[in-house]
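See structure below.
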Amino acid sequence: MEKISKEAISEKFKNIQNHICHELEMEDGQGEFIADKWQRSQGGGGTTRVMKNGKIIAKGGVAFSAVHGPTPDKILKKLKLDKSDFFATGVSIVIHPISPLVPIIHMNIRYFEMSNGTYWFGGGIDLSPHYINMADAQYFHRQLKTLCDGYHPDFYPKFKKWADDYFYLPHREETRGIGGIFFDRLTAGADMPFPKLLSFVEEVGYLFPKIYRYLMNQHSGKPYGEKELQWQALRRGRYVEFNLVWDAGTKFGLDTNGRTESILMSMPPLARWEYNQIPEPGSAEAITLNLLKKDMDWINAAG
């Protein structure tokens with residue numbers, strides 16, 4: 001079967017944005033996503049939907065974009081591409097909860113195509129708990145593995161490893177959270193035709209609200225205190241460090257003259273840094289910090 005048009009893919013991604021916003025509003029029970037439509041002067045645009053001051057969600061962003069135009073030289077050089085125009089569409093999500101017992105979550109799906117025929121898909125889901133809950137880690141990774149196994153037996157181990165390596169803060173020697181799956185520059189092949197590959201990417205998008213509604217429901221009503229809030233602010237600081245120093249999506253958006261407000265919607269509403277902060281040995285904070293390592297087998301470690 002032939003490739004599906006970039007316009008059709010863009011519409012599918014727009015539908016995923018609508019579905020996710022609806023599902024999160026249903027679970028939050030109070031907050032509503034406010035749509036902010038924007039245009040890119042060089043070509044294209046998008047709609048960024050933001051929730052503030054929900055019952056469970058402190059700040060949530062669900063952004064859709066479809067942009068096009070001449071590919072900036074910086075991108076051509078970095079990605080080792082021949083000079084050509086580009087089209088990029090995707091959905092990007094970051095949710096920062098009110099409760100420190102509910103994790104931060106990120107999801108991204110994207111499609112990139114050039115006028116010379118070059119194309120690929122990318123994306124993934126990763127979870128950044130303020131406090132690592134082993135049952136949640138097992139649930140999260142089992143959901144991702146089940147989805148991946150339905151398409152290819154190599155997807156979960158390969159994409160989990162990719163997430164572990166990507167969502168890593170080298171200057172801290174710690175992972176951003178418990179990982180998930182991450183993939184980039186995926187193209188169709190004999191065993192993975194274009195429509196099947198697109199279906200996989202779509203399913204990642206539709207799995208996101210199922211996972212996060214479960215986690216919101218499990219933990220949003222649990223009590224917490226000032227100690228947990230202080231730790232949450234520190235973990236949000238780590239999230240900021242990764243997004244501003246290491247995240248390729250942030251760099252790509254800024255390098256292609258993307259909309260700054262939409263690119264930086266991933267920032268938490270409040271974060272904190274404390275000099276040489278070391279958790280008390282044996283505390284829940286210390287246990288979480290000690291688990292932020294690459295190559296953890298969360299499915300079996302949590303069993």
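Work through the residues other than Met265 whose Cβ is under 13 Å from its Cβ and net out their charges, Lys, Arg +1 and Asp, Glu -1. Provide the component values of the computation, followed by the final result.
Values: positive: Arg49, Lys52, Lys59, Arg259; negative: Asp36, Asp247, Glu261.
With Lys, Arg at +1 and Asp, Glu at -1, the neighbours total +1.
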Worksheet item: Just how far, in whole angstrom, is segment 103-166 from segment 221-299 if you go by their alpha carbon centroids?
Response: 18 Å
Practice prompt. Quick one: which residues, 5+ away or cross-chain, put their amide H under 5 Å from the amide H of Gly179? H built at 1.01 Å from N.
Written response: Leu127
Worksheet item: Tell me which lysines have Cα within less than 27 Å of Lys14's Cα, excluding those fewer than 8 residues away on the same chain?
Response: Lys3, Lys6, Lys37, Lys52, Lys55, Lys59, Lys145, Lys160, Lys196, Lys210, Lys251
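If you take the square roots of the eigenvalues of the alpha-carbon gyration tensor of segment 1-63 and sort them as a ≥ b ≥ c, do you get rounded (a/c under 1.5), prolate (a/b over b/c) or oblate?
Values: a/c = 4.33, a/b = 1.70, b/c = 2.55.
The shape class here is oblate.
To the nearest 0.05, what FRET efficiency results for Leu76 and Met26 with a Förster distance of 41 Å applied to their C-beta separation?
Details: r = 43 Å, r/R0 = 1.04.
Given R0 = 41 Å and the Cβ-Cβ separation, E is 0.45.
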Practice prompt. Would you kindly give the portion of the calculated P(r) for the chain that falls above 35 Å, as a percent of all Cα pairs?
Written response: 16 percent
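Calculate the dipole size of the chain relative to its Cα centre from +1 charges on Lys and Arg beta carbons and -1 charges on Asp and Glu beta carbons; express the result in debye to the nearest 20.
Charge dipole, the chain, about its Cα centre: 380 debye, nearest 20.
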Discussion item. Could you derive backbone 3J(HN,Hα) for segment 120-134 from the dihedral phi with the Karplus parameters 6.51, -1.76 and 1.60 (θ = phi - 60°), listing whole Hz in sequence and x where the residue is Gly or Pro?
Written reply: 5, 10, x, x, x, 9, 9, 10, 10, x, 6, 10, 6, 10, 5
Discussion item. Using only the alpha carbons of segment 36-138, what is the convex hull's orientation-averaged projected area in square nanometres?
Written reply: 8.3 nm²
Worksheet item: Which residues' amide hydrogens lie under 5 Å from the amide hydrogen of Met267, considering only partners 5 or more residues apart or on another chain, with H built in the peptide plane?
Response: none
Item to complete: Provide the convex hull volume over Cα atoms per residue for segment 142-192, in Å³.
Response: 70 Å³
Worksheet item: If we count every other residue with Cβ under 14 angstrom of Leu234's Cβ, Lys/Arg +1 and Asp/Glu -1, where does the sum land?
Response: 0
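Mind pulling the per residue volume of the convex hull built on the Cα atoms of segment 162-237? Å³ is fine.
Working: hull volume 8.9 nm³, N = 76.
For segment 162-237, the hull spanned by Cα atoms encloses 118 Å³ per residue.
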Worksheet item: For Asp165 and Arg142 in the same chain, what is the full-extension length gain: residue separation times 0.36 nm, less their Cα-Cα distance, in nm?
Response: 6.3 nm
Worksheet item: Quick one: putting +1 on the C-beta of Lys and Arg, -1 on the C-beta of Asp and Glu, what dipole do you get for segment 1-121 around its Cα centre, in Debye to the nearest 20?
Response: 460 debye
Worksheet item: For labels at Lys52 and Asp184 in the simple 7 Å Cα→Cβ model, what's the distance in nm?
Response: 3.2 nm
Worksheet item: Using r as the Cβ-Cβ distance of Asn15 and Ser84, and R0 as 22 Å, what FRET efficiency do you calculate, to the nearest 0.05?
Response: 0.20
Worksheet item: Using the reciprocal of the averaged 1/r over all distinct C-alpha pairs, how large is the Kirkwood radius of segment 127-170 in Å?
Response: 11.4 Å
Worksheet entry | Whole-angstrom Cα spans of segment 209-279 along principal axes, big to small | 43, 38, 16
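For segment 178-303, what is the convex hull (Cα atoms) projected area averaged across all directions, in square nanometres? Mind showing how you got there, number by number?
Values: hull surface 46.1 nm².
Result: a mean projected hull area of 11.5 nm².
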Discussion item. Just want to confirm a number: the relative contact order over the chain, from Cα pairs under 8 angstrom separated by 6+ residues, in percent.
Written reply: 19 percent
Worksheet item: In whole angstrom, how far apart do the alpha carbon centroids of segment 60-94 and segment 22-40 sit?
Response: 24 Å
Item to complete: Residues in segment 236-251, backbone N under 17 Å from the label point at Trp273 (7 Å along the Cα-to-beta-carbon vector): list them, ranges by number please.
Response: 236-247
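Tell me the mean residue ellipticity at 222 nm calculated for the chain from its helices only (DSSP H runs of n ≥ 4, each -39500 (n - 2.57), averaged over every residue, nearest 500). Let's see the in-between values first.
On the way: 10 runs with 128 residues, N = 303.
The per-residue figure over the chain is -13500 deg cm²/dmol.
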Worksheet item: Of Arg172, Arg259, Arg235, which has the largest mean-square fluctuation in a 10 Å C-alpha GNM of the chain?
Response: Arg172
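Taking 35 Å as R0, compute the FRET efficiency from the Cβ-Cβ separation of Lys227 and Ser5 and round it to 0.05. Walk me through the numbers before you get to the answer.
On the way: r = 53 Å, r/R0 = 1.51.
With R0 = 35 Å, the Cβ-Cβ based efficiency is 0.10.
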Practice prompt. Be a star and scan segment 135-178 for residues whose amide nitrogen sits under 17 Å from the point 7 Å along the Cα-to-Cβ vector of Asp191.
Written response: 148-160
Worksheet entry | Sorted largest first, extent of segment 101-200 alpha carbons per principal axis (Å) | 45, 30, 20
Item to complete: Considering only protein heavy atoms, with the full assembly of protein chains and a 1.4 angstrom probe, order Asp297, Asp164 by accessible area, largest first.
Response: Asp297, Asp164
Worksheet item: If we sort 149-158, 268-277, 193-202, 106-115 on the protection proxy, mean other Cβ atoms within 10 Å, highest first, what's the order?
Response: 106-115, 193-202, 149-158, 268-277
Worksheet item: Which whole-Hz couplings ³J(HN,Hα) result when phi for each residue of segment 50-67 is put into the Karplus expression 6.51 cos²θ - 1.76 cosθ + 1.60, θ = phi - 60°, listed in order with x for Gly and Pro?
Response: 10, 10, 10, 6, x, 6, 10, 8, 6, 7, x, x, 10, 10, 10, 8, 8, 10
Worksheet entry | ³J(HN,Hα) computed for each position of segment 90-105 - Karplus, 6.51 cos²θ - 1.76 cosθ + 1.60, integer Hz, glycine/proline x | x, 10, 10, 9, 9, 10, 10, x, 6, 7, x, 8, 9, x, 6, 9
Fill in: Potential extension, Val240-Asp255 segment - 0.36 nm per residue separation minus Cα distance
3.5 nm
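The values are calculated or read from the model by the stated rules, or taken from the named source; none is laboratory data. Since the model is a prediction, treat every value here as computed from it, not as a measurement. As a convention, Cβ positions derive from the backbone with ideal geometry for all residues, glycine included, and neighbour counts pool all protein chains shown. The area values use the complete protein model at the heavy-atom level, side chains included, leaving out ligands, DNA and RNA. Shrake-Rupley method; radii C 1.70, N 1.55, O 1.52, S 1.80 Å.
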